[in-house]
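Novice: Would you mind keeping the following structure in view while I ask a few things?
The values are calculated or read from the model by the stated rules, or taken from the named source; none is laboratory data. Just so you know, these numbers come straight off a predicted model, no measurement behind them. Methodologically, a virtual Cβ is constructed for each residue, glycine included, from the backbone with ideal geometry; neighbour enumeration extends over all protein chains shown.
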Amino acid sequence: MKKLFARVAIQAFLAMALLPATHAATNEAYCSKPVRVAMFEFGVLYRADTSDGMDVRVLAELARRSGCTFERVYMPRSRIWKELQMGRLDMATSAIPTSERKVYGYLLPYFKTRNVVLMRRQSAPVDVNQTTFENGKLRLGVVRGFRHEADYDTMVAKLSAHGRVVEAVDVVDLFRLLDRKVVDAILSQPIVYTQYLAASRLDEDLTLHDWAPADQFSVGALILARASFTTAQAKHWDELLVDMQSDGTLYKIAREFLPAKQARELIYTGPRSPE
């Protein structure tokens, strides 16, 4: 009987001793330390005044599934890219994939949307289109460090060459430029502009123009710094996002902030390659 008790006690001790190691091994598959992740002002995805949004909920779920700890920081979008490159940030949300960003980060898509041009009625000619806008004198506002659909980024480059682009620090500043008539139009997305127009005097003063081709849209991705994660770890994070899409978690999160149709359309289901 004593031998039996001794054997049970030893087994219990070994089981308890192995628990921390197992938990650590699970964490190691995703992270080797607390993850410093950057947030930025972006409509329903993140609002600095409430410290809440879709991205906050997505990160909370990723923390639960991975066992990793997130340290959230708030900073302007343009600074985020520099911090990721310097290795002072591990991760950031809502990054549009570009060849430049792939050099220093793994990009894991989780939502998609489209930009439109919001233009002041007083500024807009009756027959305005992308060509007449580009050939005119109106000024466009964009957020510094943002990327858009390919056609819009080409337009921004053309206008910038003629000094017709004004850069805002963040989304709040962008709508402030429009409200104060510093710019005649801005580029924005429904998941962003609906949040700010509802609380401003601009709602009835704007016309919306969708000039990007139907097959162009903006993909929002989680970006993981290559300086902080291995390729294997990036693939594990990507698998978590795929699981969250497959089991409906991403939709449930989106549904807390958006109507059902918009929430469904927001979820990214296209091709992916962390590397």
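Novice: Return the only residue of ARG101, ARG88, ARG79 being surrounded by fewer than 18 Cβ atoms within 10 Å (Cβ to Cβ), touching a strand residue (DSSP E or B) at 6+ places or on another chain (Cβ under 9 Å) and not in a loop (DSSP other than H, G, I, E, B).
Specialist: Answer to the selection: ARG79.
Novice: Among the residues that make up the range 190-205, is at least one of them among the hydroxyl-bearing types (Ser, Thr, Tyr) and at pLDDT 95 or above?
Specialist: no
Novice: Could you figure out which of (1) over 17 Å from the mean Cα position of the chain (by Cα); (2) outside the structural domain of LEU197 (by TED's automatic domain parsing); (3) aromatic (Phe, Trp, Tyr) isn't true of TYR106?
Specialist: Evaluating TYR106 over (1) over 17 Å from the mean Cα position of the chain (by Cα); (2) outside the structural domain of LEU197 (by TED's automatic domain parsing); (3) aromatic (Phe, Trp, Tyr) leaves (1) as the failure.
Novice: Moving on. Could you please find all residues in the range 203-246 being part of a loop (DSSP other than H, G, I, E, B), in contact with a helix residue (DSSP H, G or I) (Cβ under 7 Å, 6 or more places away or on another chain) and surrounded by 16 or more Cβ atoms within 10 Å (Cβ to Cβ)?
Specialist: Hits for the range 203-246 are TRP211, ALA212, ARG226.
Novice: Looking at (1) of a type in the set (Val, Ile, Thr); (2) in contact with a Lys or Arg (Cβ under 9 Å, 6 or more places away or on another chain); (3) assigned to a loop (DSSP other than H, G, I, E, B), which is the only condition VAL126 fails?
Specialist: Of the numbered conditions (1) of a type in the set (Val, Ile, Thr); (2) in contact with a Lys or Arg (Cβ under 9 Å, 6 or more places away or on another chain); (3) assigned to a loop (DSSP other than H, G, I, E, B), the odd one out for VAL126 is (2).
Novice: Further question: Looking at the range 213-232, I want the residues that are assigned by TED's automatic domain parsing to the domain that holds ARG72 and have a partner that is part of a loop (DSSP other than H, G, I, E, B) and of a type in the set (Gly, Ala, Ser) with Cβ atoms under 6 Å, at least 6 apart or on another chain. Which pairs are those?
Specialist: ALA227/GLY87
Novice: Considering each of VAL172, VAL142, VAL156 in turn, give the residue that is under 30 Å from VAL35 (Cα atoms) and in a helix (DSSP H, G or I).
Specialist: So the residue among VAL172, VAL142, VAL156 that is under 30 Å from VAL35 (Cα atoms) and in a helix (DSSP H, G or I) is VAL172.
Novice: May I ask you to list the residues in the range 150-176 that are over 21 Å from ARG114 (Cβ atoms) and basic (Lys, Arg)?
Specialist: ARG164, ARG176
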